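Written out below as C-alpha coordinates is the structure these notes cover.
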Amino acid sequence: MSPNRPAPARPIVHFISAGRSPRDDIVPDLLAFLDQPVDAREIGALDDLTEAEIAAMAPAAGEQVIHTRLGPGRWIVVSKARLTRRMQDLVSALPVEGRPLVVILSTGLLGDFPTPFPTVNAQRALETAIRSLIAEGERLGIILPLERQARADMLPELRRFDTLSAAVETGDRIGMMEALARLSPCDIVVLNSVSYTEADARLIRQVSGKRVILARRIIGSAINLLLSTRDFTPRDVPEAVVEPPADLPLSLDALTPRERQVLPLVAEGLSSKEIARQLGISPKTVEIHRTNIIRKLDVKSSRELIYQFVSRGWH
(Lines give C-alpha, C1' and ligand atoms only; values in the text may rest on other atoms or scores of the structure.)
Protein backbone atom coordinates (compact mmCIF):
# COMPACT_ATOMS: atom_id res chain seq x y z
CA MET A 1 0.00 0.00 0.00
CA SER A 2 1.29 3.46 -0.88
CA PRO A 3 2.43 5.44 2.22
CA ASN A 4 0.22 8.31 1.07
CA ARG A 5 -2.90 6.18 0.76
CA PRO A 6 -4.98 5.88 3.95
CA ALA A 7 -5.71 2.42 5.28
CA PRO A 8 -9.18 1.18 4.35
CA ALA A 9 -11.78 1.86 6.99
CA ARG A 10 -12.94 -1.14 8.97
CA PRO A 11 -16.57 -2.24 8.79
CA ILE A 12 -18.62 -0.86 11.68
CA VAL A 13 -20.33 -3.51 13.81
CA HIS A 14 -22.71 -2.48 16.60
CA PHE A 15 -22.97 -5.17 19.29
CA ILE A 16 -26.16 -4.52 21.28
CA SER A 17 -26.30 -6.59 24.44
CA ALA A 18 -29.11 -7.10 26.94
CA GLY A 19 -27.20 -5.85 30.00
CA ARG A 20 -24.41 -3.34 30.43
CA SER A 21 -21.41 -2.97 28.15
CA PRO A 22 -18.66 -3.82 27.68
CA ARG A 23 -19.37 -7.54 27.41
CA ASP A 24 -15.77 -8.61 27.79
CA ASP A 25 -17.03 -12.15 28.40
CA ILE A 26 -18.47 -12.41 24.87
CA VAL A 27 -17.36 -9.77 22.36
CA PRO A 28 -13.60 -10.54 22.37
CA ASP A 29 -14.41 -14.17 21.56
CA LEU A 30 -16.59 -13.11 18.66
CA LEU A 31 -13.98 -10.69 17.32
CA ALA A 32 -11.33 -13.43 17.41
CA PHE A 33 -13.67 -15.63 15.37
CA LEU A 34 -14.13 -13.06 12.59
CA ASP A 35 -12.27 -13.30 9.30
CA GLN A 36 -11.45 -9.59 9.21
CA PRO A 37 -10.91 -6.73 11.69
CA VAL A 38 -13.95 -4.57 12.43
CA ASP A 39 -14.72 -1.33 14.20
CA ALA A 40 -16.61 -2.88 17.13
CA ARG A 41 -18.97 -0.59 19.02
CA GLU A 42 -20.75 -1.96 22.06
CA ILE A 43 -24.07 -0.75 23.42
CA GLY A 44 -25.75 -2.20 26.48
CA ALA A 45 -29.53 -1.97 26.87
CA LEU A 46 -29.04 -1.00 30.52
CA ASP A 47 -26.01 1.30 30.07
CA ASP A 48 -27.70 4.63 30.75
CA LEU A 49 -30.17 3.46 33.38
CA THR A 50 -29.90 4.26 37.07
CA GLU A 51 -30.10 1.51 39.67
CA ALA A 52 -33.71 2.48 40.32
CA GLU A 53 -34.54 2.30 36.60
CA ILE A 54 -32.86 -1.09 36.35
CA ALA A 55 -34.86 -2.30 39.35
CA ALA A 56 -38.00 -1.23 37.49
CA MET A 57 -37.05 -3.68 34.71
CA ALA A 58 -37.69 -6.59 37.07
CA PRO A 59 -40.34 -9.03 35.82
CA ALA A 60 -43.84 -9.09 37.23
CA ALA A 61 -45.40 -12.35 38.32
CA GLY A 62 -45.88 -14.64 35.35
CA GLU A 63 -43.77 -12.55 32.94
CA GLN A 64 -41.14 -14.17 30.75
CA VAL A 65 -37.61 -13.31 31.82
CA ILE A 66 -34.08 -12.72 30.51
CA HIS A 67 -30.91 -13.42 32.47
CA THR A 68 -28.28 -10.74 31.75
CA ARG A 69 -25.07 -9.25 33.10
CA LEU A 70 -24.49 -5.85 34.70
CA GLY A 71 -20.76 -6.43 35.21
CA PRO A 72 -18.22 -9.09 36.23
CA GLY A 73 -19.93 -11.46 38.63
CA ARG A 74 -23.16 -9.47 38.68
CA TRP A 75 -26.15 -10.99 36.93
CA ILE A 76 -29.80 -9.94 37.08
CA VAL A 77 -33.19 -11.08 35.83
CA VAL A 78 -35.31 -8.61 33.85
CA SER A 79 -38.65 -8.60 32.07
CA LYS A 80 -38.30 -9.92 28.54
CA ALA A 81 -41.02 -7.64 27.18
CA ARG A 82 -39.52 -4.48 28.73
CA LEU A 83 -36.03 -5.39 27.62
CA THR A 84 -37.25 -6.04 24.07
CA ARG A 85 -38.77 -2.56 23.89
CA ARG A 86 -35.55 -1.07 25.22
CA MET A 87 -33.45 -2.94 22.64
CA GLN A 88 -35.71 -1.81 19.79
CA ASP A 89 -35.36 1.82 20.90
CA LEU A 90 -31.57 1.48 20.84
CA VAL A 91 -31.59 -0.09 17.37
CA SER A 92 -33.92 2.62 16.04
CA ALA A 93 -31.57 5.34 17.34
CA LEU A 94 -28.45 4.03 15.58
CA PRO A 95 -26.88 6.45 13.07
CA VAL A 96 -27.20 5.45 9.43
CA GLU A 97 -23.72 6.72 8.50
CA GLY A 98 -20.97 4.18 7.97
CA ARG A 99 -23.05 1.31 6.57
CA PRO A 100 -23.05 -0.54 9.93
CA LEU A 101 -23.83 -4.13 10.71
CA VAL A 102 -26.04 -4.63 13.79
CA VAL A 103 -25.73 -7.64 16.09
CA ILE A 104 -28.52 -8.30 18.60
CA LEU A 105 -26.34 -10.05 21.16
CA SER A 106 -29.02 -11.85 23.12
CA THR A 107 -31.05 -15.00 22.69
CA GLY A 108 -34.60 -15.38 23.93
CA LEU A 109 -35.83 -11.91 22.99
CA LEU A 110 -39.16 -11.27 21.33
CA GLY A 111 -39.49 -9.25 18.16
CA ASP A 112 -37.52 -9.08 14.95
CA PHE A 113 -35.91 -5.63 15.53
CA PRO A 114 -36.54 -4.20 12.04
CA THR A 115 -33.71 -1.92 10.93
CA PRO A 116 -32.46 -0.34 7.69
CA PHE A 117 -29.20 -2.24 8.32
CA PRO A 118 -28.15 -5.85 7.83
CA THR A 119 -28.78 -7.43 11.23
CA VAL A 120 -27.65 -10.57 12.99
CA ASN A 121 -30.46 -11.52 15.35
CA ALA A 122 -29.09 -14.18 17.70
CA GLN A 123 -32.53 -15.58 18.48
CA ARG A 124 -33.56 -15.84 14.83
CA ALA A 125 -30.25 -17.40 13.81
CA LEU A 126 -30.50 -19.95 16.62
CA GLU A 127 -34.06 -20.92 15.72
CA THR A 128 -33.02 -21.30 12.10
CA ALA A 129 -30.17 -23.60 13.04
CA ILE A 130 -32.46 -25.71 15.21
CA ARG A 131 -35.11 -26.04 12.50
CA SER A 132 -32.48 -27.11 10.01
CA LEU A 133 -30.50 -29.50 12.17
CA ILE A 134 -33.22 -31.63 13.73
CA ALA A 135 -34.25 -34.64 11.72
CA GLU A 136 -37.61 -36.33 12.13
CA GLY A 137 -37.80 -38.37 15.32
CA GLU A 138 -34.79 -36.76 17.01
CA ARG A 139 -35.09 -35.29 20.50
CA LEU A 140 -33.72 -31.87 21.40
CA GLY A 141 -32.10 -30.88 24.70
CA ILE A 142 -32.01 -27.19 25.70
CA ILE A 143 -29.73 -25.69 28.34
CA LEU A 144 -30.55 -22.21 29.69
CA PRO A 145 -29.21 -20.14 32.61
CA LEU A 146 -32.38 -20.06 34.75
CA GLU A 147 -34.75 -22.73 36.02
CA ARG A 148 -37.61 -20.35 35.29
CA GLN A 149 -36.47 -20.14 31.68
CA ALA A 150 -36.05 -23.90 31.42
CA ARG A 151 -39.65 -24.41 32.52
CA ALA A 152 -40.92 -21.97 29.90
CA ASP A 153 -41.08 -22.44 26.14
CA MET A 154 -38.21 -20.11 25.24
CA LEU A 155 -38.23 -20.78 21.52
CA PRO A 156 -41.60 -20.71 19.75
CA GLU A 157 -40.16 -22.89 16.99
CA LEU A 158 -39.57 -25.70 19.49
CA ARG A 159 -43.24 -26.40 20.10
CA ARG A 160 -43.32 -28.93 17.29
CA PHE A 161 -40.22 -30.78 18.50
CA ASP A 162 -39.74 -33.38 21.22
CA THR A 163 -37.67 -31.44 23.81
CA LEU A 164 -36.18 -31.63 27.27
CA SER A 165 -34.64 -28.68 29.12
CA ALA A 166 -32.28 -28.00 32.01
CA ALA A 167 -30.95 -24.91 33.79
CA VAL A 168 -27.22 -24.30 34.24
CA GLU A 169 -25.61 -21.08 35.49
CA THR A 170 -22.78 -19.70 33.36
CA GLY A 171 -19.45 -21.30 34.32
CA ASP A 172 -21.04 -24.10 36.40
CA ARG A 173 -19.27 -27.22 35.11
CA ILE A 174 -20.81 -29.47 37.77
CA GLY A 175 -24.24 -28.15 36.87
CA MET A 176 -23.47 -28.84 33.21
CA MET A 177 -22.64 -32.46 34.00
CA GLU A 178 -25.90 -32.83 35.96
CA ALA A 179 -27.81 -31.29 33.07
CA LEU A 180 -26.29 -33.79 30.65
CA ALA A 181 -27.56 -36.63 32.81
CA ARG A 182 -31.07 -35.16 32.56
CA LEU A 183 -30.70 -34.67 28.81
CA SER A 184 -29.21 -38.11 28.12
CA PRO A 185 -32.20 -39.20 25.96
CA CYS A 186 -31.60 -36.24 23.60
CA ASP A 187 -29.79 -36.39 20.27
CA ILE A 188 -28.79 -32.70 20.07
CA VAL A 189 -28.03 -30.15 22.82
CA VAL A 190 -28.67 -26.42 22.36
CA LEU A 191 -26.70 -24.00 24.56
CA ASN A 192 -29.39 -21.34 24.47
CA SER A 193 -27.47 -18.32 25.78
CA VAL A 194 -24.63 -16.24 24.40
CA SER A 195 -22.99 -16.50 27.82
CA TYR A 196 -22.13 -20.16 27.20
CA THR A 197 -18.66 -20.68 25.74
CA GLU A 198 -16.82 -22.93 23.34
CA ALA A 199 -15.41 -24.69 26.40
CA ASP A 200 -18.97 -25.53 27.50
CA ALA A 201 -19.76 -26.94 24.05
CA ARG A 202 -16.51 -28.93 24.02
CA LEU A 203 -17.29 -30.40 27.46
CA ILE A 204 -20.70 -31.58 26.26
CA ARG A 205 -19.25 -33.15 23.12
CA GLN A 206 -16.48 -34.92 25.04
CA VAL A 207 -18.68 -36.23 27.84
CA SER A 208 -21.81 -37.12 25.91
CA GLY A 209 -20.73 -37.44 22.28
CA LYS A 210 -23.81 -35.43 21.31
CA ARG A 211 -24.08 -32.76 18.65
CA VAL A 212 -24.12 -29.24 20.10
CA ILE A 213 -25.57 -25.96 18.83
CA LEU A 214 -23.62 -23.08 20.38
CA ALA A 215 -25.20 -19.62 20.07
CA ARG A 216 -21.80 -17.89 19.83
CA ARG A 217 -20.77 -19.95 16.83
CA ILE A 218 -24.02 -19.25 15.05
CA ILE A 219 -23.60 -15.51 15.68
CA GLY A 220 -19.94 -15.45 14.63
CA SER A 221 -20.66 -17.31 11.40
CA ALA A 222 -23.54 -14.97 10.65
CA ILE A 223 -21.30 -11.93 11.07
CA ASN A 224 -18.58 -13.45 8.88
CA LEU A 225 -21.00 -14.27 6.11
CA LEU A 226 -22.67 -10.87 6.16
CA LEU A 227 -19.31 -9.13 6.07
CA SER A 228 -18.17 -11.27 3.14
CA THR A 229 -21.32 -10.86 1.06
CA ARG A 230 -21.95 -7.13 1.53
CA ASP A 231 -20.08 -3.93 0.77
CA PHE A 232 -19.60 -2.33 4.18
CA THR A 233 -17.08 0.27 3.02
CA PRO A 234 -18.08 3.55 4.73
CA ARG A 235 -19.14 6.31 2.38
CA ASP A 236 -19.53 10.05 2.82
CA VAL A 237 -23.09 10.27 1.54
CA PRO A 238 -26.25 9.48 3.49
CA GLU A 239 -27.62 7.31 0.70
CA ALA A 240 -25.27 4.56 1.89
CA VAL A 241 -28.03 3.00 4.00
CA VAL A 242 -28.13 -0.73 3.22
CA GLU A 243 -31.53 -2.00 2.28
CA PRO A 244 -32.13 -5.68 2.95
CA PRO A 245 -32.61 -7.79 -0.16
CA ALA A 246 -35.96 -9.20 -1.16
CA ASP A 247 -36.76 -12.60 0.33
CA LEU A 248 -35.78 -15.54 -1.78
CA PRO A 249 -38.30 -18.39 -2.04
CA LEU A 250 -36.09 -20.73 0.00
CA SER A 251 -37.62 -23.83 1.55
CA LEU A 252 -36.22 -26.76 3.51
CA ASP A 253 -38.95 -29.07 2.25
CA ALA A 254 -36.84 -30.38 -0.62
CA LEU A 255 -33.90 -31.33 1.61
CA THR A 256 -33.24 -34.82 2.89
CA PRO A 257 -32.76 -35.34 6.65
CA ARG A 258 -28.98 -35.58 6.15
CA GLU A 259 -28.92 -32.38 4.08
CA ARG A 260 -30.82 -30.67 6.91
CA GLN A 261 -28.03 -31.77 9.24
CA VAL A 262 -25.23 -30.57 6.97
CA LEU A 263 -26.80 -27.15 6.35
CA PRO A 264 -26.47 -25.59 9.85
CA LEU A 265 -23.00 -27.04 10.32
CA VAL A 266 -21.95 -25.16 7.19
CA ALA A 267 -23.52 -22.05 8.73
CA GLU A 268 -21.46 -22.56 11.88
CA GLY A 269 -18.36 -22.12 9.73
CA LEU A 270 -17.18 -25.73 9.90
CA SER A 271 -15.09 -27.19 7.10
CA SER A 272 -16.17 -30.28 5.22
CA LYS A 273 -13.68 -32.34 7.23
CA GLU A 274 -15.08 -31.03 10.53
CA ILE A 275 -18.65 -31.68 9.40
CA ALA A 276 -17.66 -35.17 8.30
CA ARG A 277 -16.18 -35.91 11.73
CA GLN A 278 -19.31 -34.71 13.54
CA LEU A 279 -21.72 -36.67 11.35
CA GLY A 280 -19.56 -39.75 10.87
CA ILE A 281 -19.45 -39.48 7.07
CA SER A 282 -16.69 -38.76 4.56
CA PRO A 283 -15.64 -35.23 3.50
CA LYS A 284 -16.48 -36.18 -0.09
CA THR A 285 -20.03 -37.06 1.00
CA VAL A 286 -20.29 -33.69 2.75
CA GLU A 287 -19.26 -31.95 -0.47
CA ILE A 288 -21.96 -33.85 -2.35
CA HIS A 289 -24.53 -32.72 0.20
CA ARG A 290 -23.31 -29.11 -0.12
CA THR A 291 -23.74 -29.27 -3.89
CA ASN A 292 -27.22 -30.79 -3.60
CA ILE A 293 -28.33 -28.16 -1.08
CA ILE A 294 -27.19 -25.32 -3.32
CA ARG A 295 -28.96 -26.86 -6.32
CA LYS A 296 -32.22 -27.60 -4.48
CA LEU A 297 -32.43 -24.19 -2.86
CA ASP A 298 -31.53 -22.41 -6.11
CA VAL A 299 -28.69 -20.27 -4.75
CA LYS A 300 -25.40 -19.48 -6.49
CA SER A 301 -22.91 -20.50 -3.80
CA SER A 302 -22.42 -21.65 -0.23
CA ARG A 303 -21.86 -18.03 0.78
CA GLU A 304 -25.20 -16.93 -0.64
CA LEU A 305 -26.87 -19.94 0.94
CA ILE A 306 -25.50 -19.19 4.41
CA TYR A 307 -26.20 -15.48 4.03
CA GLN A 308 -29.87 -16.25 3.49
CA PHE A 309 -29.78 -18.85 6.23
CA VAL A 310 -28.46 -16.58 8.97
CA SER A 311 -29.73 -13.13 8.00
CA ARG A 312 -33.18 -13.52 6.50
CA GLY A 313 -34.57 -16.77 7.84
CA TRP A 314 -36.27 -19.53 5.88
CA HIS A 315 -39.88 -19.73 4.78
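Go through the stretch 271-292 and give me each residue that's at pLDDT 85 or above, surrounded by 12 or more Cβ atoms within 10 Å (Cβ to Cβ) and assigned to a helix (DSSP H, G or I).
SER272, ALA276, PRO283, THR285, VAL286, GLU287, ILE288, HIS289, ARG290, ASN292
Run GLU304 past the list (1) of a type in the set (Asp, Glu); (2) open to solvent by 40 Å² or more (accessible area, probe 1.4 Å); (3) modelled with pLDDT of 80 or more; (4) not in a loop (DSSP other than H, G, I, E, B) and report the number of the one that doesn't hold.
Going through (1) of a type in the set (Asp, Glu); (2) open to solvent by 40 Å² or more (accessible area, probe 1.4 Å); (3) modelled with pLDDT of 80 or more; (4) not in a loop (DSSP other than H, G, I, E, B) one by one, GLU304 breaks only (3).
Can you find, within the stretch 25-55, the residue that is most open to solvent (accessible area, probe 1.4 Å) among those that are without any contact (Cβ under 8 Å) to a residue 24 or more places away in the chain and outside any helix (DSSP H, G or I)?
ASP48
Quick grid of which residues meet (1) within 15 Å of the chain's Cα centre (by Cα); (2) surrounded by fewer than 17 Cβ atoms within 10 Å (Cβ to Cβ):
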| position | (1), (2) |
| --- | --- |
| SER193 | yes, no |
| THR197 | yes, no |
| ALA201 | yes, no |
| VAL207 | no, yes |
| ARG211 | no, no |
| ALA215 | yes, no |
| SER221 | yes, no |
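For the stretch 10-26, state whether one or more residues are at pLDDT below 90 and either touching a Pro at 6+ places or on another chain (Cβ under 7 Å) or of a type in the set (A, V, I, L, M) (or both).
Checking the stretch 10-26: at least one residue is at pLDDT below 90 and either touching a Pro at 6+ places or on another chain (Cβ under 7 Å) or of a type in the set (A, V, I, L, M) (or both).
Within the bounds of the stretch 156-167, is there any residue that is modelled with pLDDT of 85 or more and assigned to a loop (DSSP other than H, G, I, E, B)?
Looking through the stretch 156-167, none of the residues is modelled with pLDDT of 85 or more and assigned to a loop (DSSP other than H, G, I, E, B).
Take HIS67 and decide whether it is modelled with pLDDT of 90 or more, crowded, with 18+ Cβ neighbours inside 10 Å and outside any loop (DSSP other than H, G, I, E, B).
No.
Sort through GLU147, GLU136 and tell me the only one that's at pLDDT below 90 and closer than 25 Å to GLN261 by Cβ.
Of the residues listed, the single one that is at pLDDT below 90 and closer than 25 Å to GLN261 by Cβ is GLU136.
Which of the residues spanning the stretch 90-105 are in contact with a helix residue (DSSP H, G or I) (Cβ under 8 Å, 6 or more places away or on another chain) and not acidic (Asp, Glu)?
Listed by number, the residues that qualify are VAL96, GLY98, ARG99, LEU101, VAL102, VAL103, ILE104, LEU105.
The values are calculated or read from the model by the stated rules, or taken from the named source; none is laboratory data. Note that the structure is a prediction, hence the values are computed from the model and not measured. Virtual Cβ from ideal backbone geometry, glycine too; neighbours counted across all protein chains shown. Ligands, DNA and RNA are stripped out before the accessible areas are found, and what is left, the full protein with its side chains, is counted by its heavy atoms. Shrake-Rupley method; radii C 1.70, N 1.55, O 1.52, S 1.80 Å.
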